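J.: Dumping the structure here so I can ask a few things about it.
The values are calculated or read from the model by the stated rules, or taken from the named source; none is laboratory data. What you see is a predicted model, and the numbers here were worked out from it, not measured in a lab. Here Cβ is always computed from backbone atoms with ideal geometry, including for glycine, and neighbour counts include all displayed protein chains.
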Amino acid sequence: MNRITHNIANSLHDFLIQTNPDKIFLLCDAETRIFCLPQLSDIQFHHIIEVPSGESAKTLHVCDEIWKDLAEHGATRNSMLICLGGGSITDLGGFIAATYQRGIAVCYLPTTLLCMVDAGIGGKNAINLGSLKNYIGTFRLPSAIFIHPAFLSTLPETEWINGKAEIIIPSSSKGSILGIPLPMHLNIYIQKMKIFWPMEGPWLQA
Ligand SMILES: NC(=O)c1ccc[n+]([C@@H]2O[C@H](COP(=O)([O-])OP(=O)(O)OC[C@H]3O[C@@H](n4cnc5c(N)ncnc54)[C@H](O)[C@@H]3O)[C@@H](O)[C@H]2O)c1
């Protein structure tokens, strides 16, 4: 189930009623805990796991701590992991969910533009192996992705730039890719975004 929503608490609540996990765990970082978690105040989480922000969370050491935390708090194969964050959190949480007890359900709530348009939607997850980026991971789609554009209201400018860059990344400096002019690529991307976010907003402006 993939959905754009203006009421994240209701959407998540309905999804959890339908899927009926025995325990609901939340994975977040310090920023998403402060800025985004308050919008989920109606949801009863069995346990909240906070990890370091950004790339530093995507390590085996952090995974080890999360796996143990889940076990200590009684996570079973019927539990659900909710990932509230950017690509670092969905990459890490997706990997944790794919591996804990051979796989538990996971739901993504992307909070960065990059995660909404790329990291959170492709079914890839990964952690780093030392300096080797995204070396350990799996391909596994989450049970649900809920995109709540209002999460972006607190996003720092640099993260907006990262997200926008990801949207136009196929654009080459030569002005064309595979012989297709850059404006056509941009047009294709904007059309994709309109399908994905069928609403008006600053993200649809050039
Ligand atoms: N799996 C994939 O297909 C895929 C694709 C692209 C990138 N990635 C991965 O995504 C990661 C980068 O993700 P990212 O760019 O989303 O950044 P991020 O998850 O590292 O977050 C960047 C910063 O923004 C903060 N933040 C997140 N949401 C916020 C909000 N709503 N308000 C205020 N602060 C907020 C975070 O706490 C963090 O400090 C990289 O590890 C990259 O490898 C994965």
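J.: Which of the residues belonging to the stretch 3-32 are within 15 Å of the ligand (Cβ to nearest atom), under 17 Å from residue 91 (Cα atoms) and either assigned to a strand (DSSP E or B) or in contact with a strand residue (DSSP E or B) (Cβ under 7 Å, 6 or more places away or on another chain) (or both)?
T.: 26, 27, 28, 29, 30, 32
J.: Here's another thing I want to ask about it. Residue 17 - would you say it is at pLDDT 95 or above, over 20 Å from residue 87 (Cβ atoms) and in the same structural domain as residue 121 (by TED's automatic domain parsing)?
T.: yes
J.: With the requirement that a residue be more than 14 Å from residue 34 (Cα to Cα) and touching a residue at least 24 places away in the same chain (Cβ under 8 Å), what does the stretch 151-164 give you?
T.: Once the filter is applied, which keeps residues that are more than 14 Å from residue 34 (Cα to Cα) and touching a residue at least 24 places away in the same chain (Cβ under 8 Å), the stretch 151-164 yields 159, 160, 162, 163, 164.
J.: Can you name every residue in the stretch 101-160 that is within 12 Å of the ligand (Cβ to nearest atom) and of a type in the set (Ser, Thr, Tyr)?
T.: The answer is 108, 111, 112, 135, 138, 153, 154, 158.
J.: Do you know which residues across the stretch 82-100 are of a type in the set (Ser, Thr, Tyr) and within 11 Å of the ligand (Cβ to nearest atom)?
T.: 88, 90 - these are the residues of the stretch 82-100 that are of a type in the set (Ser, Thr, Tyr) and within 11 Å of the ligand (Cβ to nearest atom).
J.: Another question, if that's okay. So which of 104, 89, 177 ends up being at pLDDT below 95 and farther than 19 Å from residue 5 by Cα?
T.: 177
J.: Any residue in the stretch 90-98 that is of a type in the set (Ser, Thr, Tyr), buried (at least 24 other Cβ atoms within 10 Å of the Cβ), assigned by TED's automatic domain parsing to the domain that holds residue 25 and part of a helix (DSSP H, G or I)?
T.: Yes, because at least one residue in the stretch 90-98 is of a type in the set (Ser, Thr, Tyr), buried (at least 24 other Cβ atoms within 10 Å of the Cβ), assigned by TED's automatic domain parsing to the domain that holds residue 25 and part of a helix (DSSP H, G or I).
J.: Could you please find all residues in the stretch 1-50 being free of Cβ contacts under 8 Å to residues at least 12 places away in the same chain and within 16 Å of residue 115 (Cβ to Cβ)?
T.: none
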